[in-house]
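Engineer: What follows is a single structure, and I will ask about it in a moment.
Bear in mind these aren't lab numbers, they're just calculated from the coordinates by the rules spelled out. Everything quoted here is computed from the prediction, not taken from an experiment. Here the Cβ positions follow ideal geometry from the backbone for every residue, glycine too, while neighbour counts run over all protein chains shown.
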Amino acid sequence: MIKVFGLVDCHTCYVSCERIFNPKLVGKPVVVLSNNDGAVVARSDEVKAMGVKMGTPYFEIKDQVKSGKIIACSSNYALYQDISNRITKVISEFVPAYEVYSIDESFIDLTGINEDLEKLCKELKHQIYRQVGMPVGVGVGRTKTLAKLNNWASKKWKAKTGSVVVLLDAERQEKLLKFADVGEIWGIGSRTNKRLELLGITKANQLAQYDSKMLRKMFNVNVERTARELNGQVCFDLSEGPEPKQNIASTRMFGKRAYELLELRQAVATYAARAAVKLRKEKMLTSCLQIFIQTSRFDDRPYSNGTIVGLESPTDDTRELIAAAQAGLTRIFRPGFPYAKAGIMLSQFEPKSGYIPDLFAKPARRNADNLMSLIDLVNKTQGRGTLRFAAEPEAASWGMKREFLSPAYTTKWSELLKVKVG
């Protein structure tokens, strides 16, 4: 059976999430800033037209924000992830199989669906907007690479295509390949693009026609597979599930410098707790925790240090990880420095299912699994931080700087949108 793939892609995802609950932002130049309001990580079409590039430091557009020419929003990742989850739910109602590729993209499997695929994709697009409020584009092709390229076309000719491009005919697909620059192809980064240009490969169809074995020799197997996919040969199928993580990190720049050991203890406890939640989602246990602290590299006396703390038994218990993080911090903390960042990394994982404890190791705390499950459930339904350990502060003095943060809207009861009637 001939495979058919689609790609559902949110339009300016972070900006669109902000606009869902604040319609006043629609049609206005809006940017979303990175952690600590450092740089631009998302731009509306209006901002793109102004020439503001991705990654532009905030201080370069600060005057435009103050004058009202640009509206800035601090990153609200909890909101964005919740909106992404809602989109995935709508997708799951339309197709038998899908792969969440990123927070704003999902591949869908349309193989064997005996319907008008363009009509189906337009209905999917409509339902995502109706139920969630997110504008999306959909590209459909014989491979994931072609679906991604066709999705690019749906955005480039949005008015003409209605943000849906379905190309299953070889002749029509070839026309797009001749038009699209090679840099628009999924998996072709800027360095690879420059090297391809030296070979005279500037368009997608030229990459498709190039000798695949030579591409493997000169680049790597992924570039070869990309070329094959452009020819309609499936090399990348939907993932059965995400690859098991090799490590889990939780790290942040501080909103202001931290000088006191207490502040750092609160920070590493918070990061360890967040890493523990991620670990339990992966259904893994960790045997190793690494902690680091550092000042800014621009300080007169820069200092950075880290240490590894081995755990007596593999665990996913937040209490054990916080205790290990505090022990590691005690080793590396030096007074008198203005610390700018701290972080936790977990590694050396093993699956929780089937784990047999060491007979001579310290036994796990009583009812630890039940307690952790309860904490995760409450925080998931009532908002992160509803239940927390004493070492985690309710409001951190060193917390992330988010001057333009919008309300949580969907993940905190206290910040639900209020509508006045009458």
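Engineer: Suppose we keep just the DSSP beta bridges with both residues in segment 1-167; what percent of those would be antiparallel, to 5?
Structural biologist: 75
Engineer: So what is the relative contact order for segment 105-158, in percent, with contacts set as C-alpha pairs under 8 Å and at least six apart?
Structural biologist: RCO, segment 105-158: 22 percent.
Engineer: Can you pull out the GluC sites (Glu not before Pro) in segment 321-422 whose DSSP state is coil and whose Cβ has at most 14 other Cβ atoms within 10 Å?
Structural biologist: Hits after loop and neighbour filter: Glu394, Glu403.
Engineer: Rounded if a/c is under 1.5, else prolate if a/b is larger than b/c, else oblate: which is segment 264-415, with a ≥ b ≥ c the root eigenvalues of its Cα gyration tensor?
Structural biologist: oblate
Engineer: Which of the residue pairs Lys89/Lys144; Lys178/Lys213; Lys28/Lys203; Lys148/Lys178 have a Cα-Cα distance greater than 24 Å in the structure shown?
Structural biologist: In this structure, Lys28/Lys203 exceed 24 Å between Cα atoms.
Engineer: Starting from the Cα-Cα distance between His126 and Glu93, subtract it from 0.36 nm times their residue separation and give me the gain in nm to one decimal.
Structural biologist: Stretched fully, the His126-Glu93 segment lengthens by 10.6 nm.
Engineer: Residues of segment 251-284 with amide nitrogen under 12 Å from the 7 Å Cα-to-Cβ point of Ala364?
Structural biologist: Taking a point 7 Å out along Cα→Cβ of Ala364, the residues of segment 251-284 whose backbone N falls under 12 Å are 280, 283-284.
Engineer: With n ≥ 4 as the cut-off for DSSP H runs, can you work out [θ] at 222 nm for the chain, using -39500 (n - 2.57) per run divided by the number of residues, rounded to the nearest 500?
Structural biologist: Computed ellipticity for the chain at 222 nm equals -12000 deg cm²/dmol.
Engineer: Report, ordered by chain and residue number, the aspartates and glutamates lying within cross-link reach of Lys66, taken as a straight Cα distance under 15 Å and ignoring same-chain residues fewer than 8 apart.
Structural biologist: Asp37, Glu403
Engineer: Then there's this: Under a straight-distance cross-link criterion of Cα-Cα below 20 Å, which lysines are reachable from Lys245, leaving out those fewer than 8 residues away in the same chain?
Structural biologist: Lys245 reaches Lys278, Lys281, Lys283, Lys352.
Engineer: How are the alpha carbon pair distances in segment 1-167 distributed across 5 Å bins from zero to the largest one, expressed in percent?
Structural biologist: 2, 9, 17, 20, 18, 14, 10, 6, 3, 1, 0, 0
Engineer: Can you tell me, using C-alpha contacts under 8 Å and at least 6 residues apart, the relative contact order of the chain as a whole percent?
Structural biologist: 16
Engineer: While we're looking at this one, here's another question. Loop only per DSSP, at most 11 neighbouring Cβ atoms within 10 Å: give me the trypsin sites (Lys or Arg not before Pro) in segment 282-383, ordered by residue number.
Structural biologist: Arg297, Arg366
Engineer: Listing Glu320, Glu197 from the residue with the fewest other Cβ atoms within 10 Å to the one with the most, what is the order?
Structural biologist: Result, fewest neighbours first: Glu197, Glu320.
Engineer: Need one number: nm distance between label points at Tyr259 and Phe333, each 7 Å from Cα along Cα→Cβ, rounded to one decimal.
Structural biologist: About 1.5 nm, to one decimal.
Engineer: Checking the a/c ratio against 1.5 first, then a/b against b/c, what shape does the Cα gyration tensor give for segment 254-326?
Structural biologist: prolate
Engineer: Starting from the Cα gyration tensor of segment 321-396, take the square roots of the eigenvalues, sort them a ≥ b ≥ c, and report rounded, prolate or oblate (rounded when a/c is under 1.5, otherwise prolate if a/b is larger than b/c, else oblate).
Structural biologist: The shape class here is oblate.
Engineer: Around Val30, under 9 Å between beta carbons, what's the net of Lys plus Arg minus Asp minus Glu among the other residues?
Structural biologist: Result for the neighbourhood of Val30: +1.
Engineer: Under a cut-off of 17 Å between alpha-carbon atoms, report the aspartates and glutamates in cross-link reach of Lys122, not counting same-chain residues fewer than 8 places apart.
Structural biologist: Asp9, Glu93, Glu105, Asp109
Engineer: Out of all Cα-Cα pairs in segment 180-301, roughly what percent, to the nearest whole number, are more than 17 Å apart?
Structural biologist: Pairs farther apart than 17 Å: 69 percent.
Engineer: Let's test the formula: R0 of 22 Å, r as the Cβ-Cβ distance of Phe389 and Gln348. What FRET efficiency results, to the nearest 0.05?
Structural biologist: 0.40
Engineer: Now for a different question. When semi-axes √(5λ) of the Cα gyration tensor in Å is calculated directly from the model, which label among (1) 40, 28, 24; (2) 37, 21, 19; (3) 47, 21, 18 fits?
Structural biologist: Among (1) 40, 28, 24; (2) 37, 21, 19; (3) 47, 21, 18, the one derived from this structure is (1).
Engineer: Which whole-number percent is the relative contact order of segment 169-242 (Cα, under 8 Å, 6+ apart)?
Structural biologist: 25
Engineer: Please identify the GluC sites (Glu not before Pro) of segment 88-175 that satisfy two criteria: DSSP loop assignment and at most 13 other Cβ atoms within 10 Å. Which are they?
Structural biologist: Answer in residue order: Glu93, Glu115.
Engineer: For the residues Arg191, Arg43, what sequence is obtained by ranking on other C-beta atoms within 10 Å, fewest first?
Structural biologist: Ranking Arg191, Arg43 by Cβ neighbours within 10 Å, fewest first, gives Arg191, Arg43.
Engineer: Using the 10 angstrom Cβ neighbour count as an exposure proxy, how do Trp157, Trp152 rank, fewest first?
Structural biologist: Trp157, Trp152
Engineer: Among DSSP bridges having both ends in the chain, what percentage is antiparallel? Round to the nearest 5.
Structural biologist: 85
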